[in-house]
Structure formats: structure tokens, C-alpha cells
Amino acid sequence: MGNANKCSDRQATGASLSAYYNASQLRADAWNRVKHNTARLAKVSMRRAENERLRHAVEDDLRLLEPVESYWAFPGKGCMAHLWRLFDDQQHLALAQTAARINRALVNESYRVQLQRFGPERDTELGEETGDDEQTLIAHSRPYFEVLVVDTLSAQEEDHLRAGLRRMRREEDNLVYEVVIVPSFEDALIAVLFNHNIQACVIRYGFPFRSRHRLEVLTSYLEGVAESDLEDQPDRDRGPLLGAIIGKLRPEIDLYLVTDVSVEDIAGSISQKFRRVFYRQEDYLELHLSILRGVNARFEAPFFNALRTYARQPTGVFHALPISRGKSIVKSHWIQDMAQFYGINIFLAETSATSGGLDSLLYPSGPLKAAQEMAARAFGARHTFFVTNGTSTANKVVVQALVRPGDIVLVDRDCHKSHHYGMVLAGAHVRYLDSYPLDEYSMYGAVPLKEIKRALLEFRDAGQLDRIRLILLTNCTFDGVVYNVERVMEECLAIKPDLVFLWDEAWFAFARFVPTYRQRTAMAAAERLRDRYRSAEYRERWQAFKAAIDRADDEVLLTTRLLPDPDKVRVRVYSTQSTHKTLTTLRQGSMIHVNDQDFKAKSEETFREAYMTHTSTSPNYQILASLDIGRRQVELEGYELVQKQIEMAMVLRERVATHPLLRKYFRFLTIEDVIPADHRASGIETYYSPDTGWSRMEQAWAGDEFVLDPTRLTLYVGPTGVDGNTFKTKYLMDKFGIQVNKTSRNTVLFMTNIGTTRSSIAYLIEVLVKIAQQTDEHLADASPIERRMHERRVVSLCQELPPLPDFSRFHDAFRSSAVLGTSEGNMRKAYFLAYDADKVEYVELAEAVRQTAANRQLVSANFVTPYPPGFPILVPGQVISEGILAFVGKTDVKEIHGYAPEFGLRVFTEAALGELLRGQPMGTKAAATADD
Ligand SMILES: Cc1ncc(COP(=O)(O)O)c(C=O)c1O
């Protein structure tokens, strides 16, 4: 170990490394350079100056890697020392071979197998070729992870600890791990954020606070995480404090505390954070077994395993599922290709609750119940429910569970269509909330908090606050705008302390697994609020706030950060997630997560009924199994996968911003483009700029009203002269097989996901470069008239976009309390009124414009939804404004559901509206609900 100590003298210090988005990128690049430079050094004929230059370069990189590698088990200290020895002895050939092997093992991750074979006692052999096909080895080896130990140990003590735990390995262990030892509080935090292999952490006692490393790319992990006042905490509290912070950053990690204070004294108060507390632990077997048990608790996938076991059993099928066991296929003369394509397992696993042996989704009591409980743990919910027909259904379940006919719901105007239809089904009276528009890109942002508060105050001032039941917002939006969920809930609860929240997180299931994103998820925010309102410190804040805000008018309330009354507030939060959109799950696999303080008391029964209403009696068991095993994946590697996903997105942003040809025709919309400055207190405008490098997203995500999810990349393609939809179908899809989900008139949305690889990013760049080259060539050869036509198209796409219309209003015939001045509407009444054919008529667009100008109030009889942007610009009962008519007239969107230009707009007849107005006393709740 002498060499290991010697080489720690050679550590790099605070060189500016802002060229790298994160330390993983730096690590990969540095090893690559070491590989290339040592390979060149190994060539015999080389001029002395060149030799010197290369040696300097290798030395610099090894120095850089020295602190970086101290957070990983591979290649490990022994192997780094071996490299230094080869370098010092100028054994360039051996140096090059070792560096190449290490690099290769890191890139293809075969180190996970190599460490199992050789172990750290033979550090120098790590990176040796195994002789076997590495991918096969990886596939057949036991899952591998790393355990972090926080302690100040000498080199001998470190060896002793590693060897001690290694000796505990048994043949029957299904998992295998290596140990990473760090000497301080800060190093432990860097390690858990940098090293995604860490699944368990053993915190011992008597370690210092500060890290010795001051490498910017590493210490940047500590920003906003390790406050300096922590340094002053007594030694005795340092371990528990560290556990608490790690628990917040990576809640999935199992924590073990080893203490020299009497276990009985402390175990009670900190037992929630730690899986187990040991007293001066030297019992390696107990620790080893605890570590394996902890990780196995996440590895377990009860429903997937039950289904697999079921598939292996011989059964006779006498119920209504001919595909079960593949029977109807294998004996078929005509559909053999179906079995060949899918393989037999999927049919062996086809079953239903009534066929016995497996659990029932409608009445779970066995493995499905366990699987849902484990999902609740993974996603930080109090309860989780699996849904097998997408978030479209999950949304309807939640709305029906919470809303009675006549209840008022505040709804984000550009939410998914399932909510609008859900409102009709539930008989909710809807108060739409307008998002800020982004006219330049034909898309919407999200609803500003001020707008939400204004709506609540409107009802409070009209004495109608009691009727508001639920607020429904989309987090994050299709285009990646993310709310400050905690703040929105806190301020809304200050006005209405029992308000229920439904956050549509269809696109945000992955957000749970990295700390920056997690803080903006509904479940994490709900948990924080519950903690906060219990605390004495909050009570004090609230008293001070109450005194300051006494008798404030609406204008003051709109601009003041409001706090709810801790004695009245109830935290009631629901989130719906399309697990299938962002994590590993079969199509339509979704989840409903609940953190509702009154769930048991008020909503459990209604939730069950709503779930029964919308859930098929034949749910697809493959989808359920995939939800279960997808949960296993994120609990064990969600942190790694989401980190990489973000990294890929950042790399893509950087490449497009710095490529001279790409910059000519394309750019990814920046934070500044999508979020107006008054919603961005941090002032951060872009994730990457060629002039200033990377901005750290943490600062914006900690406080800004809205942030942009960097993994959703909106490419502005207007300068190519091709509209978004044509770009998607004719260029990306038909020519290059690239699929994208959404377009606007001048943009195309790319999403990275947990499966995105470096090569898929490289392919996309290559394709964009080709398209840019073709555009360049086409323009170079174009005649003057063709060029003018191109310019005309660019102007039309970039500058002549019809402004997106706001929600106008519900017609008085559908307003429940028009005389009180509140603006909610009864959509269901309008929706079903349109079932009477003689109450509706069609009015062509030009005629509609004329009649509106002549003061007729045209009222839509149905939903009108252009794709894009994909949400209704008209709902049943809504007055058709001039702005909406102008938008319909100008838009060149081909697909508008609910509107056929040859027929015109479907509206209510004047007679039908007149009849309603005459017959309906208004202004009371009784009147409002009588029609429901
Ligand atoms: C915000 C939002 N919510 C809900 C849904 C519906 O989800 P699913 O496709 O899982 O039914 C979508 C689908 O795109 C969506 O964008």
C-alpha cells in the first residue's frame, strides 16, 4: 500500500473543469485520453520532445483521476498504484496495456464481473482479459453493487476491513459487492452522488467533516447539500446527520450506523433513518448478512416472481382465455408466426384472477398487494395503485374518487384530454386556469401561481370557497415546464386549507430518482409539507406571518408568500404517472400515488368505487408484472439511469449549440425561451452556452417558480423552412427512422429517456447534420424564385404564428353562480345537452365570424382540439371568442378533433340557450346542482 499513499501526493487541485457537465463525463474522457496517450507512448520510435509531452499529458490525467477514482471500487487503489509504478519505471508497453484494459472494463462494465473473479487483493490483475465473452459473463454473473464505508482508516485497516467482508461471501449469496472507503463527511456525500453503484452505506464514528479533495467537478456535488454550519456539529452527531442527508439525496440506499455510544441510548431516535445500528461493530457476518438482506428487499419483485412461477406450472385451461398457455396458437395452422415472434413465455404467463393461483387487481391480498406496497416505498407515496390502461384512466379514477357533481375543480387549461372528459363524467364545475402562452412556438407554458391564487380569492370573495374541492395541474408539461410543487401547494393551502391536489405527472415518474428532480415531485413535496406543519418552528413562523398579514387585501395576498394555518391544514395529494412513458414498463402501465392525510377517513371508500368503475375485470398481467419489475429497476439503478439520461440530454444540447452548421438551422429552446424572466428568480437562462459553459441546474430547481426539464429538448426548426410536423414525418421518420412524440408549428420535441445511449445521441447529431447539409445544398442550387419561396416559408413559420387563444368563458346558461361573479362552468350539462340533435347546429367559420361581429354569442357544443398543441381550444358550453375564431382561421394544423371545416363549428341553437336561461334560477348551489 506504500505506493497508494505515495501517489495520493500527486492529486490534482482545483483546476477549472467547467468544460464538463459532470464528473462522470470527466472520468470517461480522462481514461480515454490515458488510453490513447499511453498507446502512443508505447510506440518505440518517437522524438524525445514528443515523448516528454505525452508523459506530461498522462501524468496530468492520472493526477486528475486519482481523487476521482477514490470514490469507486474499480479500478481501485492498488490498480492506480500499479499504473503509477509502470509510469515511473517507464514501462510504457505494460502501462498502455493496463490502461487500455481498465478503459475497456469501464466502458463495457465488465469490471462488475472482474471484481468478482479477482477481488482487490490482486488489484494489479484487474482489467486483465478474462478470456471469456464479457457480455455473456456479465449476463450470467450475480448482480453487483458497492458498499460505502465512512471512516478514517489507515491503509492496513482498510485492507483488513475489505478482506473481512470478502471472507463472509457464501456460494448461496445471490448478490455480490465491493467496498469503497471514504474518510470524511463531505467525501461520503460526493461518493453517494457520484458513484451510482453504491446501494448501502456503513457510517462509522470519529471521521472529520471536510474532504481533502478540492477538485471543482467533485466539490460541485456539495453545492446546496452540505451547509458549512454542519462542520460545527459535535463529532457524536456527525454520523446520524450524514445518514439524514444521504437519506434525502438517495433514499433508496440502506444505511447502517456503527457507533461507540451505547446503542440503547440512540437507536430509538434515529432508527427510522438507519436500517440497523451496530455497537463498535466488528461482526462481519452480521453486517454482511444485513447488507445483502437490505438490497434483496429491493431486488424482490413479488408479482413478477409469482407470475414466473405460475408460467412454469402445468395447468389445464377451462376458462375464457384461449391464448393462455399458448394453446390456441401452437396448434394453429395459420398463426404460428405469432408464437415465433413473441416466444412462448408470454402466453404461458397469460392468466386471469379467476383462474386462480395469482392475485387479483380488484381485490389484492397477495403478491400484487406486496408489489403495490413496494411501489409506494419506491415512489415515496403512502399508497400506490397500479393501473393497466394508462394515465388517461388513472386521472379519471382520481377525479371520480374525490369530486361530487357540483363540486368546483380548478383545472389547468392545457391539461390532457382525459381530465376534461373526467370532469364531464364526474359532473364537476370547472374553473379553467390559463397557462402563459408561448405564441412564438405555438405552445403553452404552465399556470403562474398568481393566477391560481387569483382564482381561489375570486371564490373566497364570493363566499364560494367551500365548493372548491380539487386543483389539477400538469407537472411536468409535455414541453418540460415543471412547477414549484411545494410552493404552489403551500400558498393554495393558506387560502383553502383542505384543498386536494391532483398532479398529473404522466411524464414525471422518473423524477423521483435524482434529488434535484425529486424535490419537485408531488409525493416528495407532500411529505415535506407534512413534516413541516408538525414542527414547532413552523408554528412560530406562522404566528409571525399571521400578525403581518392581518387584514391584508387581495392585492397584497397575491404578492405575498402565504403560509397555511398549521391547525387547519390537511395535506391531501394525489399523483398520476404514466410509468410506461419514462420507465421500464409495458405500454399502458401507470400508477396512482397517494399521500392524503384524510385518505382513510374520507376517501378510501370512494377511491375504491372509482377504481372499480374504471378498471377492467380482465387486467393484463404482463403489464402488472412489468410495473413490479420496473419498480425493482428504479430502486436499484434509477439513480444511475436518470443521471445518465440527464447527461445525454446535456451533451445533445452542447453539441447542437457548438456545431457551426447545426447552429445555422437549429437550436434547442433554452430556459429563457420557455420560461419568462419573472418566473425565474435565479436568473439562469440556459443550461449550456458556448460562451459561458454549463450552468448548474440545482440553483434554479431549488427556488424558481418554473424550471425546464432538460431531458425534454425542443428543437426549433423554423429556419429550415419546414414545419414541425413535416420535419417529424418526412425527414426524421421516413428518411432516418427517428421517432419523436410531439411537434408544434416550428418545433420538434426530442426526449431522452433511461434507455438513451451515447450512440443514439451521436446518430441524432449525424442525422441533423445531414438535414442541415441538404438544406444548405438545396439553397445553394436554388433559383432566385425558389430562394424567395424558402424565405417566405421561414418568415411564415418563425414570425406569423396565430396567437394562442385564452380560455374565453362559459356561457351564462352553464354557469352555476354567474350572479356571484365566479366563472366556473357545468360542462356536463352542456355535453349532454348536445345529445339533443335539435339543440345544436353547425355554423361555418366565415359565418361564425360574421355572426360574432353582429353580437351573437356562439357557444360550443363539443370539445375542439387541434393537434398540436393537443388540448381543447373549445369545451362544451364555452363561448366562442373572436380570438378563437381567428386561431381556427389562421392555423395550418391539419388535425382538429371536433371541427370539420366543411360543416363548421358545432354550436348550441339560440333557442336552446334561451330556454335554459329562462328556466334556470341561478346564484345558489342548489340551483347549480339541480341539473347534474
Ligand atoms: C399530461 C398527460 N397526462 C395524461 C396522459 C395520458 O397518459 P396515458 O397515455 O398513459 O394514458 C398524457 C399522454 O400523453 C399526458 O401527456
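The values are calculated or read from the model by the stated rules, or taken from the named source; none is laboratory data. Fair warning: this is a prediction, and the values are worked out from it, not measured in the lab. All Cβ positions, even for glycine, are placed from backbone atoms using ideal geometry, and neighbour counts span all protein chains on display. To get the accessible areas, we keep the full protein, side chains included, count just its heavy atoms, and leave off ligands, DNA and RNA. Shrake-Rupley method; radii C 1.70, N 1.55, O 1.52, S 1.80 Å.
Here are a few things to note about the model shown:
- Just the protein heavy atoms count here, and of the accessible area of the chain at 1.4 Å, carbon and sulfur take up 50 percent.
- Theoretical ellipticity at 222 nm over the chain - DSSP helices of four or more residues, -39500 (n - 2.57) apiece, nearest 500: -14000 deg cm²/dmol
- Taking trypsin sites (Lys or Arg not before Pro) across the stretch 791-896, the ones in a DSSP loop with at most 12 further Cβ atoms lying within 10 angstrom of their Cβ are LYS894.
- In terms of distances greater than 21 angstrom between alpha carbons, the cross-link table entries LYS273/LYS644; LYS396/LYS417; LYS730/LYS770 yield LYS273/LYS644.
- Tilt relative to the chain, helix 604-614 - C-alpha long axis, 0 to 90 degrees, to 10: 80 degrees
- For the chain, the longest principal axis of the Cα atoms and the long axis of helix 485-495 meet at an angle of about 40 degrees.
- Pairwise FRET efficiency - GLN543 versus GLU685, Cβ, R0 = 22 Å, nearest 0.05: 0.05
- A Förster radius of 30 Å, combined with the Cβ-Cβ distance separating ALA911 from ALA462, puts the computed FRET efficiency at roughly 0.45.
- Cα point-scatterer Debye curve for the stretch 803-881, base-10 log of I(q)/I(0) at q = 0.13, 0.15, 0.17 Å⁻¹: -0.42, -0.56, -0.73
- Within a straight-line Cα-Cα reach of under 22 Å, LYS35 can be paired with the following lysines, leaving aside sequence neighbours fewer than 8 residues apart in one chain: LYS43, LYS77.
- Compared with the direct C-alpha span, the chain from SER154 to ASN305 gains 49.9 nm at full extension, assuming 0.36 nm per residue.
- Extents of the stretch 336-436, taken as max minus min of Cα coordinates on every principal axis and listed largest first, are 52, 35, 26 Å.
- All lysines inside 17 Å of LYS496 as judged from Cα atoms, apart from same-chain residues fewer than 8 positions distant: LYS450, LYS453, LYS546, LYS568
- Radius 15 Å from Cβ of SER682, net charge of other residues (Lys, Arg +1; Asp, Glu -1): -3
- Potential lengthening between TYR363 and ARG793 on full extension [0.36 nm per residue; Cα-Cα distance subtracted]: 149.0 nm
- A simple packing score, the average count of other Cβ atoms within 10 Å per residue, orders the peptides 617-629, 652-664 as 617-629, 652-664, with the highest score first.
- The modelled label-to-label distance between ALA163 and ASP838, using points 7 Å beyond Cα along the C-beta direction, is 9.7 nm.
- Here's the list of aspartates and glutamates a cross-link from LYS742 could span, going by alpha-carbon distance under 19 Å and ignoring same-chain residues fewer than 8 apart: ASP414, ASP439, GLU440, ASP479, ASP504, GLU505, ASP673, ASP709, ASP723, ASP734, ASP892, GLU895.
- The chain: antiparallel DSSP beta bridges as a percent of all, rounded to 5: 50 percent
- Label zone at ARG454, where the point sits 7 Å out along the Cα-to-Cβ direction: the stretch 536-577 residues whose backbone N lies under 13 Å: 555, 558-559
- Rh by Kirkwood over Cα pairs, then Stokes-Einstein D for the chain at 0.692 mPa s and 37 °C, µm²/s: 106 µm²/s
- A cut-off of 5 Å between modelled amide H atoms, ignoring neighbours fewer than 5 places along the same chain, links PHE668 with TYR716.
- Between GLU604 and GLU847, the distance separating the two model label sites (each 7 Å from Cα on the Cα→Cβ line) works out to 5.8 nm.
- Mean separation of Cα contacts under 8 Å (6+ apart) over length of the chain, as relative contact order %: 10 percent
- In the context of the full set of protein chains, residues of the chain present 42 Å² of accessible surface per residue (probe radius 1.4 Å, heavy atoms only).
- Loop-located trypsin sites (Lys or Arg not before Pro) in the stretch 38-81 (DSSP state other than H, G, I, E, B) with a sparse environment of at most 15 neighbouring Cβ atoms within 10 Å: LYS43, ARG47.
- Three-way shape call for the stretch 386-472 based on the alpha-carbon gyration tensor, with the a/c threshold at 1.5: oblate
- Protection-proxy order for peptides 334-342, 208-216, 897-905, 487-495, each taking the mean of Cβ atoms within 10 Å per residue, highest first: 487-495, 208-216, 897-905, 334-342
- Heavy-atom accessible area, probed at 1.4 angstrom with all protein chains present, ranks LEU779, LEU713 as LEU779, LEU713, highest first.
- Whole-percent pair-distance distribution, where bins are 10 Å wide, for the alpha carbons of the stretch 418-464: 22, 36, 36, 6
- Counting 0.36 nm for each residue step from ARG404 to SER141 and taking away their Cα separation leaves a gain of 89.2 nm.
- Reciprocal mean inverse distance between Cα atoms of the stretch 151-255 - Kirkwood radius, Å: 14.8 Å
- With Cα atoms, 0 to 90° folded angle of helix 417-426 axis to the chain main axis: 50 degrees
- Cut-off 14 Å, label 7 Å out along Cα→Cβ of LYS890, residues of the stretch 399-443 by amide N: 438-443
- Taking label points 7 Å from Cα along the Cα-to-Cβ direction, THR658 and GLN233 give a separation of 3.9 nm.
- Charge tally around ASP776: other residues with Cβ under 13 Å, Lys/Arg +1 each, Asp/Glu -1 each, net +2.
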